[in-house]
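First the structure, in the form of C-alpha coordinates, and then the observations on it.
The values are calculated or read from the model by the stated rules, or taken from the named source; none is laboratory data. On a predicted model such as this, the values are computed, not experimentally measured, just so you know. All Cβ positions, even for glycine, are placed from backbone atoms using ideal geometry, and neighbour counts span all protein chains on display. When the accessible area is computed, the model is the full protein with side chains, heavy atoms only, and any ligands, DNA or RNA have been set aside. Shrake-Rupley method; radii C 1.70, N 1.55, O 1.52, S 1.80 Å.
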Amino acid sequence: MEQAVFESVRYSAVCQECGAELECWGTQALVDARLRWDVESTCSACGAAAAICGGDVPADRRDQMLSEHGPARLRVSSPSAEGVAIMRVLRAELGIDLISAKAVMRRVANGDYSGTLPEMEHLARKLRARGISAVATRP
Ligand SMILES: [Zn+2]
(Lines give C-alpha, C1' and ligand atoms only; values in the text may rest on other atoms or scores of the structure.)
Protein backbone atom coordinates (compact mmCIF):
# COMPACT_ATOMS: atom_id res chain seq x y z
CA MET A 1 0.00 0.00 0.00
CA GLU A 2 1.60 3.24 -1.10
CA GLN A 3 1.09 6.47 0.73
CA ALA A 4 -1.52 8.97 -0.44
CA VAL A 5 -0.17 12.21 -1.93
CA PHE A 6 -2.08 15.46 -1.49
CA GLU A 7 -1.77 19.03 -2.64
CA SER A 8 -4.22 21.80 -1.72
CA VAL A 9 -5.07 25.36 -2.68
CA ARG A 10 -7.28 27.94 -1.01
CA TYR A 11 -9.40 30.29 -3.10
CA SER A 12 -12.62 32.24 -2.93
CA ALA A 13 -15.86 32.01 -4.85
CA VAL A 14 -19.35 33.46 -4.51
CA CYS A 15 -21.84 31.81 -2.15
CA GLN A 16 -24.83 30.39 -4.05
CA GLU A 17 -27.04 31.01 -1.01
CA CYS A 18 -26.32 34.64 -0.12
CA GLY A 19 -23.80 36.05 -2.60
CA ALA A 20 -21.11 36.67 0.01
CA GLU A 21 -17.55 35.41 -0.24
CA LEU A 22 -17.19 31.68 -0.11
CA GLU A 23 -13.94 30.26 1.22
CA CYS A 24 -12.93 27.19 -0.77
CA TRP A 25 -10.26 24.59 -0.14
CA GLY A 26 -9.46 22.41 -3.12
CA THR A 27 -7.38 19.27 -2.83
CA GLN A 28 -5.90 17.14 -5.55
CA ALA A 29 -5.11 13.72 -4.15
CA LEU A 30 -3.62 10.46 -5.30
CA VAL A 31 -5.42 7.79 -3.29
CA ASP A 32 -5.50 4.07 -4.10
CA ALA A 33 -3.82 4.66 -7.48
CA ARG A 34 -6.46 7.19 -8.54
CA LEU A 35 -6.30 10.96 -8.89
CA ARG A 36 -9.17 12.90 -7.38
CA TRP A 37 -10.16 16.52 -6.90
CA ASP A 38 -12.23 17.48 -3.85
CA VAL A 39 -13.48 20.90 -2.80
CA GLU A 40 -14.72 21.94 0.63
CA SER A 41 -16.28 25.35 1.02
CA THR A 42 -17.72 27.49 3.80
CA CYS A 43 -19.51 30.82 3.47
CA SER A 44 -18.10 33.63 5.62
CA ALA A 45 -21.57 35.22 5.98
CA CYS A 46 -24.34 32.60 6.08
CA GLY A 47 -22.20 29.63 7.08
CA ALA A 48 -23.39 27.43 4.22
CA ALA A 49 -20.94 24.58 3.87
CA ALA A 50 -20.47 22.14 1.03
CA ALA A 51 -18.15 19.38 -0.03
CA ILE A 52 -17.84 18.35 -3.65
CA CYS A 53 -15.86 15.21 -4.31
CA GLY A 54 -14.59 13.69 -7.49
CA GLY A 55 -14.21 15.15 -10.94
CA ASP A 56 -11.22 16.65 -12.67
CA VAL A 57 -9.22 19.58 -11.37
CA PRO A 58 -10.25 22.81 -13.19
CA ALA A 59 -7.46 24.38 -15.28
CA ASP A 60 -7.28 27.58 -13.20
CA ARG A 61 -6.97 25.64 -9.91
CA ARG A 62 -4.30 23.45 -11.47
CA ASP A 63 -2.41 26.62 -12.48
CA GLN A 64 -2.78 27.92 -8.93
CA MET A 65 -1.39 24.66 -7.53
CA LEU A 66 1.57 24.81 -9.89
CA SER A 67 2.35 28.41 -8.99
CA GLU A 68 1.91 27.98 -5.21
CA HIS A 69 3.57 24.59 -4.77
CA GLY A 70 5.82 24.49 -7.83
CA PRO A 71 5.79 21.84 -10.54
CA ALA A 72 7.04 18.29 -9.98
CA ARG A 73 9.03 16.48 -12.66
CA LEU A 74 8.74 12.92 -13.82
CA ARG A 75 12.11 11.18 -14.12
CA VAL A 76 12.78 7.79 -15.64
CA SER A 77 16.17 6.16 -15.17
CA SER A 78 16.61 4.54 -18.59
CA PRO A 79 14.13 6.13 -21.00
CA SER A 80 15.79 4.85 -24.17
CA ALA A 81 15.78 1.19 -23.09
CA GLU A 82 12.20 1.30 -21.85
CA GLY A 83 10.74 3.55 -24.54
CA VAL A 84 7.95 1.30 -25.77
CA ALA A 85 6.77 0.31 -22.30
CA ILE A 86 6.86 3.93 -21.10
CA MET A 87 4.83 5.11 -24.09
CA ARG A 88 2.27 2.40 -23.45
CA VAL A 89 1.77 3.66 -19.88
CA LEU A 90 1.63 7.31 -21.01
CA ARG A 91 -0.98 6.55 -23.66
CA ALA A 92 -3.16 4.60 -21.23
CA GLU A 93 -2.89 7.04 -18.33
CA LEU A 94 -3.06 10.33 -20.23
CA GLY A 95 -5.54 9.11 -22.86
CA ILE A 96 -3.35 10.40 -25.69
CA ASP A 97 -2.44 9.06 -29.14
CA LEU A 98 0.87 7.60 -30.23
CA ILE A 99 2.21 10.87 -31.69
CA SER A 100 1.45 12.81 -28.50
CA ALA A 101 2.89 9.99 -26.39
CA LYS A 102 6.13 10.21 -28.38
CA ALA A 103 6.30 13.94 -27.69
CA VAL A 104 5.64 13.42 -23.97
CA MET A 105 8.20 10.61 -23.95
CA ARG A 106 10.84 12.98 -25.37
CA ARG A 107 10.07 15.49 -22.63
CA VAL A 108 10.29 12.78 -19.95
CA ALA A 109 13.66 11.66 -21.37
CA ASN A 110 14.93 15.25 -21.25
CA GLY A 111 13.73 15.67 -17.65
CA ASP A 112 11.37 18.31 -18.98
CA TYR A 113 7.96 16.80 -18.26
CA SER A 114 6.22 18.34 -15.27
CA GLY A 115 2.86 18.72 -13.58
CA THR A 116 1.43 18.73 -10.08
CA LEU A 117 3.04 16.39 -7.55
CA PRO A 118 -0.01 14.05 -7.34
CA GLU A 119 -0.12 13.83 -11.17
CA MET A 120 3.57 13.04 -11.55
CA GLU A 121 3.53 10.61 -8.61
CA HIS A 122 0.56 8.87 -10.25
CA LEU A 123 2.51 8.35 -13.50
CA ALA A 124 5.66 7.32 -11.63
CA ARG A 125 3.73 4.62 -9.72
CA LYS A 126 2.10 3.33 -12.92
CA LEU A 127 5.53 3.10 -14.52
CA ARG A 128 7.05 1.37 -11.49
CA ALA A 129 4.17 -1.14 -11.57
CA ARG A 130 5.47 -2.13 -15.05
CA GLY A 131 8.98 -2.54 -13.73
CA ILE A 132 10.22 0.83 -15.01
CA SER A 133 12.27 2.80 -12.55
CA ALA A 134 10.54 6.19 -12.31
CA VAL A 135 10.25 8.92 -9.69
CA ALA A 136 8.41 12.20 -9.23
CA THR A 137 10.73 14.91 -7.93
CA ARG A 138 10.42 18.56 -7.06
CA PRO A 139 13.54 20.69 -7.47
ZN1 LIG B 1 -23.55 32.46 2.10
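Highest mobility in the GNM of the chain, judged by mean-square fluctuation with C-alpha springs under 10 Å and restricted to C53, C43, C18, is found for C18. Excluding L74 itself, what net charge comes from residues whose Cβ is under 12 Å from its Cβ, given Lys and Arg +1 and Asp and Glu -1? Surrounding charge for L74 is +3.
Keeping the other protein chains in place, figure out the carbon and sulfur percent of the accessible area of the chain, with a 1.4 Å probe.
On the way: 3940 of 8070 Å².
Roughly 49 percent of what the probe reaches on the chain is carbon or sulfur.
Sorting E17, E82, E23 by solvent-accessible area of protein heavy atoms yields E17, E23, E82, largest first, with a 1.4 Å probe.
Electrostatic bookkeeping for G111 treats Lys and Arg as +1 and Asp and Glu as -1; over the other residues with beta carbon under 14 Å from its beta carbon, the sum is +4. Work out the charge dipole of the chain with +1 on the Cβ of Lys and Arg and -1 on the Cβ of Asp and Glu about the Cα centre, then indicate which of S41, A129, G55 is farthest towards its positive end. Final value for the positive-end residue is A129. Under a model in which nothing but the beta-carbon of Lys, Arg (+1) and Asp, Glu (-1) is charged, segment 1-71 shows a dipole of about 60 debye around its Cα centre.
Taking every protein chain into account, the accessible area of segment 5-69 amounts to 61 square angstrom per residue (probe 1.4 Å).
Using the Cβ of L22 as centre and a radius below 15 Å, the other residues enclosed give a net charge of -2, where K and R count +1 and D and E count -1. For segment 72-137, the per residue solvent-accessible surface stands at 50 Å², with DNA, RNA and ligands left out and a 1.4 Å probe.
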